[in-house]
2 protein chains.
Amino acid sequence: MDNSLLLSSIAKYVTLDEQEEQYLLSLLHYKKAKRKQLVLEEGDISSKVIFVTAGCLRSYAVDKNGTEHVLQFAPPGWWIVDMRSYITGEPARLNIDAIDDSEYIFFNKIDFEELNLKVPKFERFNRILGQNAIATYQHRQIDNAIFAAMERYANFCQLYPSLIKTLPQKQVASYIGVTPEFLSKMLNTQIVK
Amino acid sequence: MDNSLLLSSIAKYVTLDEQEEQYLLSLLHYKKAKRKQLVLEEGDISSKVIFVTAGCLRSYAVDKNGTEHVLQFAPPGWWIVDMRSYITGEPARLNIDAIDDSEYIFFNKIDFEELNLKVPKFERFNRILGQNAIATYQHRQIDNAIFAAMERYANFCQLYPSLIKTLPQKQVASYIGVTPEFLSKMLNTQIVK
DNA sequence: AAGAAAACTTAATGTAGATTAAGAATGAAT
DNA sequence: ATTCATTCTTAATCTACATTAAGTTTTCTT
């Protein structure tokens, strides 16, 4: 069970004292997920906030034809949550599963909200974390509108070089928004990168 | 100058005391923007956080052909910011301008950060605000991947009925990610809604 | 090591939406 | 009220990517 990754992630933005750290750690739960194991199923209520410590999780939605559309990958050090379900208690729209054998730690919503209340520095961390996530979403939204698939692929390789090395090609295709067939064709019929 | 909209927005999530309110209000700036006036130009540094009090602002990016791609509309009660530029001080990628004659209030970054530090309840408000924004971005990302233009248009009408009434059609087209020509054709050749 | 499943590749055909072009209608400026 | 600019409409043609289908390769399971 590796909490040091979480503590060092938080320490990038705020400095918790020993007591605050202990309190935070006391609210953490640890879990393993086997490759392909569902961590959150659409339709369930997503009442936890997940931090990945090993392996890789992904969140995705499934369309009416059964095609998966990846929203996010979460390698170690990343948070992942169906945010609307978390906030409102609505059934989740996203599935979260493990691309590889994975480990993660998580807070239940009640604990997480209490922690924010009692440790304002943690709330600060989450405010900043949220801003970073918004910045990323804003960029991705615009990139999807402006750039063609090839450019989106190149951007992905540049932004996430370690992910490209390990992720199956079809997952990358799903993330950038094209079919596996098209990505394959694109990569093999033209000069890339 | 209408701060009551801002105060009531904040009061939905946190209760500030009189002193905290006064402090917050002392950091606010007010501005008007004429129709089509730029509030933020791409390339500049976006070091302020804007809250719209009248009219409607929009943020958009311009592609290499000069085509505009709307990221967000901000009618009264909405916040709008190029978040990456705000966080990192990089040149803004987004433009923000006024669709109609508008009024807005804003914080400078230094003031905003200080306010968050000195009024933890305000930071709490921003943490929650950020979560709501993330939820919206997550949904929009998935909608864009899954739904066709017609469905995206219908969703927009449902989510933002007052915006549909006043927004020019080409702006809506840009927001849902199609050309004005295609939206026009779509709306006029089939049964809608 | 063998067999099954999954991922990747390849190619032909189809399609949602873009592009190009231009006319009609509406809104803004004077 | 008139003129100009902008927005919307219409239609033909084009295109980036999807769909369908099937073969090959790789990975997983036993």
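The values are calculated or read from the model by the stated rules, or taken from the named source; none is laboratory data. Note that the structure is predicted; figures quoted are calculated from it, not measured. Cβ: placed from backbone, ideal geometry, glycine included. Neighbour counts: every protein chain shown.
Only a single item in (1) touching a residue at least 60 places away in the same chain (Cβ under 8 Å); (2) small (Gly, Ala, Ser); (3) crowded, with 19+ Cβ neighbours inside 10 Å is not met by residue A:162, and it is number (3). For residue B:171, the criteria (1) away from DNA strand C (no atom under 16 Å from the Cβ); (2) touching a residue at least 60 places away in the same chain (Cβ under 8 Å) hold in every case but one, which is (1).
Every test in (1) closer than 17 Å to residue B:93 by Cβ; (2) of a type outside the set (S, T, N, Q); (3) within 13 Å of DNA strand C (Cβ to nearest atom) is passed by residue A:142 save one, and that test is (3).
The single condition from (1) touching a helix residue (DSSP H, G or I) at 6+ places or on another chain (Cβ under 7 Å); (2) assigned to a loop (DSSP other than H, G, I, E, B) that residue B:35 fails is (1).
A single member of B:105, B:142, B:134, B:96 is surrounded by 16 or more Cβ atoms within 10 Å (Cβ to Cβ), under 22 Å from residue A:144 (Cβ atoms), in contact with a His (Cβ under 9 Å, 6 or more places away or on another chain) and of a type in the set (A, V, I, L, M), and it is B:142. Aromatic (Phe, Trp, Tyr), modelled with pLDDT of 95 or more and away from DNA strand C (no atom under 13 Å from the Cβ): does that describe residue B:182? In short, no.
Among residues of the stretch A:73-113 being free of Cβ contacts under 8 Å to residues at least 40 places away in the same chain and of a type outside the set (Val, Ile, Thr), the one that is nearest to residue A:34 (Cα to Cα) is A:74. Among the helices (runs of 4 or more DSSP H) confined to the stretch B:75-182, the ones with at least 2 residues that are within 14 Å of chain A (Cβ to nearest Cβ) and farther than 30 Å from residue A:121 by Cα are located at B:120-146, B:149-159, B:169-176. I want to confirm something. Restricting to the stretch B:45-74 and keeping residues that are over 17 Å from residue A:135 (Cα atoms) and in a loop (DSSP other than H, G, I, E, B), which single residue is farthest from the other protein chains (Cβ to nearest Cβ)? So the residue we want is B:55.
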